[in-house]
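These notes concern the structure reproduced below.
FYI, it's all coordinate maths here, none of it is from the lab. What you are looking at is a predicted structure, and each value in this text was computed from that prediction instead of being measured. Reconstructed Cβ throughout: ideal geometry from the backbone, glycine too, with neighbour counts over all protein chains shown.
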Amino acid sequence: MKLLLIEDDQTTAAYIVKGLREEGHVVDHVADGRDGLVQAMAGGYDVMIVDRMLPGLDGLSLLRALRSAKVTVPAIFLTAIGGVDDRIEGLQAGGDDYLVKPFAFGELSARIAVLARRASQPMTETVLTAGDLRMDLIARTVTRAGRTIDLLPREFALLEHLLRRKGRVQTRTMLLEAVWDLSFDPQTNVVETHVSRLRAKVDKPFDRELIHTVRGAGYKIEA
């Protein structure tokens, strides 16, 4: 893979670059946020690793600028800022994953591989799955363990959004924007209500949960 590392700590950067190159990846490294933005905009990367505290332009602003410019290359935040609110902020800014320092290189490598694999899956796929759950987007049907599950249109849209981002936490704000097309928080429990209804249909009649709550962060589907 071709990877972009945006990290101003030279010791950390050297450690990461050495490890990733030993795995056979091509790695470009920049230490300034503005330079990182220019480099990322040039394109051609499979995954970006971005620190939050950068000179020139901080990591959050960098990701927001990239997403506004429709640059969709997967990005993982690698930072010492590790509070729940900080992780949520990173995901809302356009990050696809969030890893807190100090970190194990093996975990970073594995997360990079997962992001690259997800990005390679076309969004035009017509069948989405998680374990024994199957959603056919053309037939507009959902089954689990061969049993048909009847969903209302908004429940179907919510499940589709979660399935397309399987294994990735989706915050309340993300779900409001994607499923309800709301760019503000209406201060209602509409997300929680629909997730609860979806669970009653998708999880409750079966032995294993697929829809998980990540406390303080959001929801995800994981088989």
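Between ASP58 and ASP181, the modelled labels are 3.3 nm apart [label points 7 Å from Cα along Cα→Cβ]. Rounded to the nearest 10 degrees, the angle from helix 59-68 to the longest Cα principal axis of the chain is 60 degrees.
Extending 7 Å from Cα along the Cβ direction at ARG215 and again at ASN189 yields two label points whose distance is 1.9 nm. Starting from the Cα of GLU23, move 7 Å in the Cα-to-Cβ direction to define the label point; list residues of the range 55-80 whose amide nitrogen is under 15 Å from there. Only 74-78 pass the distance filter.
Only one item in (i) 1.01; (ii) 1.14; (iii) 1.09 matches Cα Rg over 2.2 N^0.38 Å derived from the coordinates shown, and that item is (iii).
Antiparallel beta bridges, as assigned by DSSP with both residues in the chain, represent about 50 percent of the total such bridges.
Computed over neighbours whose Cβ is under 12 Å from that of ALA65, the net charge equals +3, Lys and Arg +1, Asp and Glu -1. Count the lysine pairs in the chain whose Cα atoms sit under 21 Å apart, keeping only pairs 8 or more residues apart in sequence or on different chains. Within the chain, the lysine pair count is 8. Distance from the Cα centroid of the range 131-162 to that of the range 187-223 is 14 Å (rounded to whole angstrom). Seen against the Cα atoms of the chain and their longest principal axis, helix 10-22 is set at about 70 degrees. Which angle from 0 to 90°, rounded to the nearest 10, does the C-alpha axis of helix 190-202 make with the longest principal axis of the chain? Long axis of 190-202 versus the principal axis of the chain: about 60 degrees. Sequence-distant contacts, meaning Cα pairs under 8 Å at least 6 residues apart, place the relative contact order of the range 154-209 at 34 percent. In the chain, a dipole from Cβ-located charges (positive for Lys and Arg, negative for Asp and Glu) runs towards its positive end, and of SER109, VAL30, THR12 it is SER109 whose Cα lies farthest in that direction.
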